[in-house]
Structures are given as C-alpha cells and as structure tokens.
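Engineer: Input: one structure, supplied below.
The values are calculated or read from the model by the stated rules, or taken from the named source; none is laboratory data. What you see is a predicted model, and the numbers here were worked out from it, not measured in a lab. When we count neighbours, we look across all protein chains shown, and the Cβ atoms used for this are built from the backbone with ideal geometry, even at glycine.
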Amino acid sequence: MSSPMEGRKIVLGVSGGIAAYKAVELLRLLTKAGGEVYVVMTENAKQFITPLTFEALSGRPVYHKIFDSERSASMEHIRAAEHADLMVVAPATANTIGKMANGLADDPLSTLYAAFPGTVILAPAMNDQMWANQAVQANLVKLKMRGVFVVEPDSGELACGVTGLGRLADPQVIFDAVRKRLEQKQDWAGRRVLVTAGPTREPIDPVRFITNHSSGKMGYAIAAEAQKRGAVVTLISGPTSLGAPAGVEVVPCQRASEMRDLVMEHLENCDVLVMTAAVGDFAPADIQKEKIKKSGDRPLVLNLQPTPDILKEVAAKKTHQIVVGFAAESENVVQSALDKYQRKQLDLIVANDISAPGIGFQSDFNQVQLIRGVDNIETLPRLPKHEIAGILLDRIRDLSK
C-alpha cells in the first residue's frame with residue numbers, strides 16, 4: 001500500500017530561529033515518505049542554516065529571495081502555491097506568525113503563505129515568555145479560526161537557557177501531523193453547501209441600525225472546514241470583520257430581508273443549508289430618511305415589525321436539502337431548541353447558551369448541543385469553533401447516509 005505522502009507536493013517553510021536545524025530532519029522524513037518538498041526560507045532563517053543544505057536534501061532549488069533571484073520573474077511563490085498539496089512552517093517564529101495572521105508579505109515565506117489557498121500547518125518555536133505573550137496568542141487564534149492547524153510546542157530547555165513552553169515539537173510529531181492532514185478524506189467532495197453567518201443590520205435612519213453581537217466566527221469556521229473537505233461552499237454573510245475563507249464564495253448582505261432573498265435564490269442548488277446567522281427578529285417599520293434628532297427629554301418610540309422567518313420559508317420550499325439550524329438561547333436552552341427543531345422541520349439543530357461566559361458571540365470557543373430529537377441530544381465540551389465545525393460536518397455527513 002502506497003504512502004499518503006507518495007507524490008504529494010509539500011511546501012516546507014523555515015523561519016529564523018535556532019530550531020531551524022530541526023527542519024532538516026523534518027525534510028528528511030517527508031522526502032523518505034515520498035513527498036516532493038519545496039523549501040522556502042526567510043532571510044533570518046539563513047542566519048542559522050544555509051539554503052544549500054535544504055537544496056541538497058530536497059533536490060530542488062530553495063526559494064529564499066523575493067528579488068535578485070534567477071527565478072524572480074517567474075513568480076516562484078505563486079507557482080509553488082498553485083501546485084502544493086500542503087504547507088508546513090517549522091519552525092514558525094513569533095514574527096512569522098504575526099505576519100501570517102495580519103496579511104503582511106515582505107519575505108519569501110510570508111509572501112508564499114499569502115498566495116497559498118490550501119491546508120497549512122504551523123509548528124511554533126520561541127522563548128517561553130514570547131509564547132505566553134497575548135499578541136502572539138491572539139495571532140494564533142486568528143490563524144486557527146481560518147483553519148490553520150497548529151502543532152503545539154513542547155516544554156523543555158530553550159535556547160535562552162531557561163526551561164519552559166516554546167520548544168519546537170519533535171520532527172516526528174510534525175511529520176505525523178502532515179501525514180494525518182494528507183490522509184484526510186475528501187468526504188464532502190462535490191457536495192454543495194450553503195452557509196449563513198454573522199448578524200443582520202436593520203437601519204433606523206441613515207446613521208443608526210439595530211443589530212446583535214454575532215461575530216460570524218462559527219459560520220465562517222463551518223464554511224472553511226467544508227471547503228477543505230471538498231465541498232463547493234457559498235457563504236451568505238452579514239457584516240463581519242472576518243476575512244473570506246480560502247476557496248469559499250462569499251455573498252455579503254446587511255438586512256434580514258436581503259439574507260432571506262439570497263437564501264431562497266441559492267436554496268435549490270445546494271445539498272446542505274447550515275443557518276448559523278443570528279438573524280434579527282425585528283426591524284423598524286419605517287426607516288427615516290434623515291438623522292433622527294433629540295427632542296428635549298422626550299423618549300424616542302420605534303415601531304418594530306417582525307423580520308422574515310427564513311427557516312420557516314425554507315421548510316416549505318426544500319426538496320432534497322439537509323437543513324441545519326442554530327439556536328442561541330439565554331434560558332431553557334434545550335427545550336427552546338427542540339421547539340425550534342420541530343416547528344421549522346429541521347434535520348438537526350445546534351443549541352448554545354449565549355449567557356454563559358467565554359463562549360458564543362464574539363468568542364473563539366463554544367459549547368453546544370447537537371439535537372436531532374428528544375432522545376438524540378449530543379453535548380459537546382467547550383471547544384474552539386473550528387473543531388465544532390468539524391464535528392458538525394461529521395454528523396451532517398452521517399445524516400445524509
């Protein structure tokens with residue numbers, strides 16, 4: 001039986017830290033397993049190990065200069081990014097992680113990453129205090145939310161002489177993570193998935209609107225995970241600050257009525273609809289053309305009317321689609337979700353308690369219950385939203401069987 005590495009094209013990114021020498025061992029493991037490895041280095045990485053070492057072991061030129069390179073005119077980073085199956089960065093320094101998280105591209109490694117649409121694995125290595133730095137951890141959370149897999153560092157003696165967390169994971173551990181990702185089945189290949197995400201905004205006047213605290217992170221995580229597993233994904237998104245997941249068609253909207261129209265437009269052409277969006281329940285009956293002014297101490301009275309019930313309309317029109325809803329509740333969470341599951345004829349509903357601290361709206365974590373009836377309730381522990389997305393897609397896949 002052939003290795004999952006055989007013939008697979010892998011980009012190995014090496015950034016500037018003392019652990020760069022361990023990337024040589026990782027390269028050896030990847031090539032021994034049959035992988036075609038293309039090495040890219042930052043300028044600082046060359047202070048620890050030479051490009052010639054990687055070139056000799058990989059049998060391929062090493063991309064280590066953006067300019068003054070014989071291959072600069074052929075846009076090396078774009079070509080490599082187009083054809084690679086996976087990118088692994090080991091070691092990933094705090095500087096490189098910061099660039100990747102914030103869209104900076106000023107060296108060969110960060111430039112290639114910015115052009116790479118596929119699976120990415122990071123193996124961080126740095127001083128223990130740098131690892132604990134809030135900015136570094138925030139950057140890692142950003143990357144994880146975009147679907148980047150992180151091989152956590154080990155505890156041990158560090159280059160600075162102290163013992164702590166930040167030591168590069170063993171090359172064999174990183175290799176196993178690469179192999180696992182390449183073995184991942186494309187179990188959603190060819191399926192068409194429609195996801196809604198984020199809040200809706202209902203205008204009151206030209207400068208004010210009614211909205212909610214939804215960040216869209218859960219829906220974006222589901223869209224990214226489904227795309228990685230082979231699905232053709234369309235993401236209908238209310239206003240968020242999130243970047244579009246790689247390979248996902250994003251259709252923006254503002255109001256609940258706009259989201260309703262877009263869902264109805266795309267419904268017939270999807271196999272699965274996942275409604276994570278926090279659609280506002282009410283909207284002003286009349287939108288003022290001019291900014292509303294204060295009038296002394298007199299209160300402002302808004303006449304609100306219900307917004308379209310998108311899931312109710314979907315239930316009436318769906319044919320072959322699996323429809324999954326979300327219930328963000330602050331009390332009677334399970335019972336409220338069960339009621340919604342039954343009334344709206346859903347195939348599955350995901351319930352979460354928005355009153356619980358540290359999960360739900362704006363958080364990178366959630367704790368949910370997957371409900372398929374009174375006798376079929378699965379409670380998940382507190383997990384990053386991208387992990388919940390993977391579990392949810394597994395359950396939806398099982399439903400379709």
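Engineer: Suppose the filter is modelled with pLDDT under 90, assigned to a helix (DSSP H, G or I) and surrounded by fewer than 24 Cβ atoms within 10 Å (Cβ to Cβ); does A81 pass it?
Structural biologist: yes
Engineer: Check G118, G103, G164 and return the single one that is under 16 Å from L86 (Cα atoms) and of a type in the set (G, A, S).
Structural biologist: Of the residues listed, the single one that is under 16 Å from L86 (Cα atoms) and of a type in the set (G, A, S) is G118.
Engineer: Can you tell me which residues in segment 148-158 are in a loop (DSSP other than H, G, I, E, B) and within 22 Å of I18 (Cα to Cα)?
Structural biologist: Passing the criteria: V151, E152, P153, L158.
Engineer: Taking segment 194-221 only, how many residues are of a type outside the set (S, T, Y) and under 18 Å from E387 (Cα atoms)?
Structural biologist: Of the residues in that region, 7 qualify.
Engineer: Can you spot a residue in segment 232-253 that is outside the structural domain of V148 (by TED's automatic domain parsing), acidic (D, E) and not in a helix (DSSP H, G or I)?
Structural biologist: Looking through segment 232-253, at least one residue is outside the structural domain of V148 (by TED's automatic domain parsing), acidic (D, E) and not in a helix (DSSP H, G or I).
Engineer: Look at L311 and say whether it is outside any strand (DSSP E or B), aliphatic (A, V, I, L, M) and closer than 19 Å to R395 by Cβ.
Structural biologist: When the stated conditions are applied, L311 passes them.
Engineer: Moving on to the next point. Does segment 1-34 hold any residues that are acidic (D, E) and within 12 Å of L57 (Cβ to Cβ), and which are they?
Structural biologist: Across segment 1-34, the qualifying residue is only E25.
Engineer: Within the bounds of segment 267-288, is there any residue that is part of a strand (DSSP E or B) and among the charged types (D, E, K, R)?
Structural biologist: no
Engineer: So, in segment 1-38, exactly how many residues are in a loop (DSSP other than H, G, I, E, B) and under 28 Å from E157 (Cβ atoms)?
Structural biologist: 3
Engineer: Here is a follow-up. Could you please find all residues in segment 267-317 being of a type in the set (S, T, Y), surrounded by fewer than 22 Cβ atoms within 10 Å (Cβ to Cβ) and touching a helix residue (DSSP H, G or I) at 6+ places or on another chain (Cβ under 8 Å)?
Structural biologist: T307 - this is the single residue of segment 267-317 that is of a type in the set (S, T, Y), surrounded by fewer than 22 Cβ atoms within 10 Å (Cβ to Cβ) and touching a helix residue (DSSP H, G or I) at 6+ places or on another chain (Cβ under 8 Å).
Engineer: Given the options V350, V333, name the one that is under 26 Å from G390 (Cβ atoms) and modelled with pLDDT under 95.
Structural biologist: It is V333.
Engineer: May I ask you to list the residues in segment 21-70 that are among the aliphatic types (A, V, I, L, M) and under 14 Å from P91 (Cα atoms)?
Structural biologist: Once the filter is applied, which keeps residues that are among the aliphatic types (A, V, I, L, M) and under 14 Å from P91 (Cα atoms), segment 21-70 yields A23, V24, L26, L27, V39, V40, M41, A45, I49.
Engineer: In segment 173-218, which residue that is of a type in the set (D, E, K, R) and assigned to a strand (DSSP E or B) is nearest to the chain's Cα centre (by Cα)?
Structural biologist: If we take residues in segment 173-218 being of a type in the set (D, E, K, R) and assigned to a strand (DSSP E or B), then R192 is nearest to the chain's Cα centre (by Cα).
Engineer: Here is a follow-up. Looking only at segment 148-162, which residues are under 23 Å from N44 (Cα atoms) and without any contact (Cβ under 8 Å) to a residue 12 or more places away in the chain?
Structural biologist: Correct list: E157, G161.
Engineer: While we're looking at this one, here's another question. I'd like the residue in segment 225-262 that is modelled with pLDDT under 90 and of a type in the set (G, A, S) and, out of all such residues, is farthest from the chain's Cα centre (by Cα).
Structural biologist: Here the residue is G230.
Engineer: Tell me, please, whether a residue that is surrounded by 14 or more Cβ atoms within 10 Å (Cβ to Cβ), hydrophobic (A, V, I, L, M, F, W, C) and over 22 Å from the mean Cα position of the chain (by Cα) can be found in segment 360-370.
Structural biologist: No, there is no match, as no residue in segment 360-370 is surrounded by 14 or more Cβ atoms within 10 Å (Cβ to Cβ), hydrophobic (A, V, I, L, M, F, W, C) and over 22 Å from the mean Cα position of the chain (by Cα).
Engineer: State whether the residues of segment 320-327 include one that is in the same structural domain as H213 (by TED's automatic domain parsing), part of a loop (DSSP other than H, G, I, E, B) and exposed (fewer than 15 other Cβ atoms within 10 Å of the Cβ).
Structural biologist: yes
Engineer: Continuing with this model, one more query. Would you mention how many residues in segment 137-182 are within 11 Å of P124 (Cα to Cα) and either basic (K, R) or crowded, with 20+ Cβ neighbours inside 10 Å (or both)?
Structural biologist: Adding up the residues that qualify gives 8.
Engineer: I need a count of the residues in segment 130-147 that are under 14 Å from G166 (Cβ atoms), in a helix (DSSP H, G or I) and either of a type in the set (G, A, S) or in contact (Cβ under 8 Å) with a residue 24 or more places away in the chain (or both).
Structural biologist: Residues flagged as under 14 Å from G166 (Cβ atoms), in a helix (DSSP H, G or I) and either of a type in the set (G, A, S) or in contact (Cβ under 8 Å) with a residue 24 or more places away in the chain (or both) within segment 130-147 amount to 5.
Engineer: If you don't mind, there's one more thing I want to ask. Within segment 114-123, does at least one residue satisfy the condition of being assigned to a helix (DSSP H, G or I), within 20 Å of the chain's Cα centre (by Cα) and in the same structural domain as G16 (by TED's automatic domain parsing)?
Structural biologist: Checked segment 114-123: at least one residue is assigned to a helix (DSSP H, G or I), within 20 Å of the chain's Cα centre (by Cα) and in the same structural domain as G16 (by TED's automatic domain parsing).
Engineer: Taking segment 13-37 on its own, how many of its residues are closer than 18 Å to I66 by Cβ and either among the charged types (D, E, K, R) or buried (at least 24 other Cβ atoms within 10 Å of the Cβ) (or both)?
Structural biologist: 3
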